[in-house]
Amino acid sequence: MAGLCDVRFWNVIVMGFSFMFVFTAFQTTSIIEPSVLQAARNVTNGTFTGDGYVSLGIVYSVFTFSNWVAPSVVGFFGPRASMIAGGICYLLFILALIEPKTWTLYLGSVIIGFGASIIWTGQGNFLTINSDKETMPRNSGIFWALLQCSLLFGNLFVYFEFKGSTIDDATRRTVFIVFSVVCGIGIGMMFLMRRVQPSTKQLTTHHEDAHYRSESDSYQDNSDASPKNSGVIQAFLTSIRLFITRDMMLLSLCFAYTGLELTFFSGVYGTCVGNTQQLPNSKKLIGLTGMFIGVGEIIGGLTFGIFGKRTNRFGRDPIVLFGLFIHWVAFILIFLNIPSDAPTGGTMKVAYLHAPNQYVVLLCGFLLGLGDSSYNTQIYSLLGFAYPDDSAPAFALFKFVQSGAAAIAFFYSLKLLLEWQLLILVIWSLLGTKGFFLVEWKYRRTESYSRIQ
């Protein structure tokens, strides 16, 4: 058993580092893409018309609908091969940005949208395979902390590369060539993940729709096959049946909120910072803001995941409530500090503070990251606990709703002023937190009843 645990822990660590490299490239790319492509349009005299918001909207739109077939792909090829294929799709997208053309930009956006669905469904499945009830909070926290280191390293590089008030062609080429190499390293590391043999140790749980899952006491583990590897059609039908259950509908409110705030911190907020021309070195500040988002994500992953036995003592809901409070503080400060028209272009306006404050900008980045990690680590933990035998469909549905909300947010970000975007986030944060609470309270009561029995 000790050897098996070592293999599982090795897989979690390797997967975390693999994703750290891949998303050092992509997460930083998503933050800077609107600003980089805006600069590219300004120097091409109309030959390039691509838009970063539209590109990211396409990415998350394709991601949304691809999640319906992702469980079938993962079930057929296995989570490890699926993650490798998904990583290659990320690489192709980043390569297209070295010398951007409108058609390659949008084609790459479609490709990465599909790749995202299989890499994240495979990741959720692989994490569940390599975890049990006791190790799931720790493993999800380790993975999340390593993943979010990508924001730290990628944006640190951007901070030193971006100079002046514009982003020239040479800088763009350097940034995306380096990101392509880093992404390739992450893909290579995925080949180091090892096969896990079947084990009798499982994530035990009770579910109101248990007849959709196996009642077996054995927890089937195999890094090259989904636990529910009963065919492509069966995986698709399982996804539909799970989606229409009460618990998944309630959780979808929380999934949707994480998608909306993902769009905000990964694309909109950095663009707002870069467009606020009264901030000193606003373009360089994009990278520094992304670093502070990453610091918040890492601290949250460490606190709520790796040390989950202490921080989760009273359940997952207090951590989600903490994330809600942290995000509201960030939204208020952003409303007071950033001009309302900053999402749509460069502006010399000021908000409610006398002048935009760069330290408030960085504090808000940190709070956005910390709040996001509060939600996501607990969602990972709850899904792994509640759906151990249907982990691939469950995580695919999570990404389906999250990416759908993110896509919608990227498209409305083209038109809506900042205050309306913040209002949408406040409303959905309330709905999402309530939905999470209802499901969490149900499973806590079920677990308490099981202990009594």
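For beta carbons closer than 6 Å, sequence separation of 6+ or different chains, a first residue in segment 103-127 that is under 19 Å from Met193 (Cβ atoms) and a second that is open to solvent by 20 Å² or more (accessible area, probe 1.4 Å) and modelled with pLDDT under 95, the qualifying pairs are Ile118/Val73. Scan segment 67-77 and tell me whether some residue there is modelled with pLDDT of 90 or more, buried (at least 24 other Cβ atoms within 10 Å of the Cβ) and part of a helix (DSSP H, G or I). The answer is no, given that none of the residues of segment 67-77 is modelled with pLDDT of 90 or more, buried (at least 24 other Cβ atoms within 10 Å of the Cβ) and part of a helix (DSSP H, G or I). Looking at segment 97-107 only, could you name the residues that are assigned to a helix (DSSP H, G or I) and buried (at least 23 other Cβ atoms within 10 Å of the Cβ)? Scanning segment 97-107 gives a single hit, Leu105. Of the residues Lys434, Lys399, which single one is charged (D, E, K, R), within 18 Å of the chain's Cα centre (by Cα) and part of a helix (DSSP H, G or I)? Answer to the selection: Lys399. Evaluating Ser180 against the criteria (1) closer than 25 Å to Arg80 by Cβ; (2) without any contact (Cβ under 8 Å) to a residue 60 or more places away in the chain leaves one unmet condition, (2). Close Cβ contacts (under 8 Å, 6 or more residues apart or on different chains) running from residues in segment 265-282 that are touching a residue at least 12 places away in the same chain (Cβ under 8 Å) to residues that are part of a strand (DSSP E or B) comprise Asn275/Thr347; Thr276/Thr347; Gln277/Thr347; Ser282/Thr276. Out of curiosity, is Ile334 touching a strand residue (DSSP E or B) at 6+ places or on another chain (Cβ under 8 Å), farther than 21 Å from Tyr60 by Cβ and at pLDDT 90 or above? No.
Asn130 fulfils the conditions (1) open to solvent by 10 Å² or more (accessible area, probe 1.4 Å); (2) modelled with pLDDT of 85 or more; (3) within 21 Å of the chain's Cα centre (by Cα) except for a single criterion, (1). When Phe157, Phe126, Phe176 are checked against the criterion of being of a type in the set (Phe, Trp, Tyr) and under 24 Å from Leu368 (Cβ atoms), Phe157 stands alone in meeting it. Of all positions in segment 3-12, none carries a residue that is assigned to a helix (DSSP H, G or I), open to solvent by less than 10 Å² (accessible area, probe 1.4 Å) and touching a Cys at 6+ places or on another chain (Cβ under 8 Å). In this structure, Leu382 does not satisfy being open to solvent by 50 Å² or more (accessible area, probe 1.4 Å), closer than 25 Å to Gly294 by Cα and in a helix (DSSP H, G or I). For Phe400, work out the one condition from (1) under 28 Å from Val295 (Cβ atoms); (2) in contact with a Ser or Thr (Cβ under 7 Å, 6 or more places away or on another chain); (3) open to solvent by 10 Å² or more (accessible area, probe 1.4 Å) it doesn't fulfil. So the condition that Phe400 fails would be (1). Among the residues examined, Val43 does not qualify as modelled with pLDDT of 85 or more and either over 17 Å from Phe264 (Cβ atoms) or touching a helix residue (DSSP H, G or I) at 6+ places or on another chain (Cβ under 9 Å) (or both). Taking every residue in segment 373-385 that is aliphatic (A, V, I, L, M) and pairing it with any residue that is part of a helix (DSSP H, G or I), at least 6 positions away or on another chain, the pairs with Cβ-Cβ distances below 6 Å are Leu383/Ala394. Checked against the criterion of being surrounded by 24 or more Cβ atoms within 10 Å (Cβ to Cβ), in contact (Cβ under 8 Å) with a residue 40 or more places away in the chain and not acidic (Asp, Glu), the candidates Met83, Met136 yield just one match: Met83. Only a single item in (1) under 30 Å from Leu192 (Cβ atoms); (2) surrounded by fewer than 24 Cβ atoms within 10 Å (Cβ to Cβ) is not met by Asp51, and it is number (1). Across segment 313-355, the number of residues qualifying as open to solvent by 30 Å² or more (accessible area, probe 1.4 Å) and either within 23 Å of Ile298 (Cα to Cα) or in a helix (DSSP H, G or I) (or both) comes to 14. Is it true that some residue in segment 131-145 is farther than 15 Å from Ser18 by Cα and touching a strand residue (DSSP E or B) at 6+ places or on another chain (Cβ under 8 Å)? Checked segment 131-145: at least one residue is farther than 15 Å from Ser18 by Cα and touching a strand residue (DSSP E or B) at 6+ places or on another chain (Cβ under 8 Å). Of all the listed residues (Val361, Val426), the sole one being touching a strand residue (DSSP E or B) at 6+ places or on another chain (Cβ under 9 Å), over 30 Å from Thr238 (Cβ atoms) and assigned to a helix (DSSP H, G or I) is Val361.
The values are calculated or read from the model by the stated rules, or taken from the named source; none is laboratory data. What you are looking at is a predicted structure, and each value in this text was computed from that prediction instead of being measured. No Cβ is skipped: glycine too gets one built from the backbone with ideal geometry, and neighbour counts run over all protein chains shown. Just the protein is used for accessible areas: all its heavy atoms, side chains included, with ligands, DNA and RNA removed. Shrake-Rupley method; radii C 1.70, N 1.55, O 1.52, S 1.80 Å.
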